[in-house]
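Each value in this text was obtained by applying a stated rule to the coordinates, not by laboratory testing. Just so it is clear, the model here is predicted, and its values are computed rather than measured. As a convention, Cβ positions derive from the backbone with ideal geometry for all residues, glycine included, and neighbour counts pool all protein chains shown.
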Amino acid sequence: MENQPLQPQQGDLNWRLSAHPITLLCFLGIRIGALLMYLFGILFIKKFILVFIITLLLLAADFYYLKNIAGRRLVGLRWWNEVNTTTGDSHWVFESSDPNTRTITATDKRFFWLSLYVVPALWVGLAILALIRLSVIWLSLVVIALILSITNTVAFSRCDRFSQASTFANRALSGGIVSNIAGGLLGRLFK
């Protein structure tokens, strides 16, 4: 028998399976670019100001692109912060696309969530490295990266929980909560 090459399946980490490959590649390129610029700056380029500015620009582009474009296109989630001008209080607003009108592929979800959690972990590792080397000036750049990446991670995690809760509430109200729970449990048992 001949060995058949495995065909890529939805959910595999293959950018060709993405419903939005350009968005995905830009998203990953900016995120990886910021990390690589920092690493090349530490290892090869000794001009701190140049590395700081380029890395900071990539981090800002990553924050904006993830928050406003990649999150909306890849997983149907978006968040922003609103400030009440009379009281000065701020609160986060979460938005999710309607699951009935938008199909989100397993590959896009997997790339998005994996990147969302791995990148802050890598920055934490780089922060530890900067602390070990007693390089306070490089640590300042890592702290900025951590603040931006963790903010997006926390916001999208909350946004995802909010969207799952609102989807559950909408289903419960439209079809009866008991039938939805029973159908969900039976569906998971036989999956």
Under the rule a/c < 1.5 gives rounded, and otherwise a/b versus b/c splits prolate from oblate, where does the range 71-121 land using the Cα gyration tensor? oblate
Roughly what would the spin-label model give for ILE45 and TRP113, points 7 Å off Cα along C-beta, in nm? 3.5 nm
Pull out the extension gain between SER135 and LEU122, defined as 0.36 nm times the separation in residues minus the alpha carbon to alpha carbon distance; nm, one decimal. 3.0 nm
Which peptide among 122-133, 24-35 comes first, and what is the full order, when sorted by highest mean count of other Cβ atoms within 10 Å? 24-35, 122-133
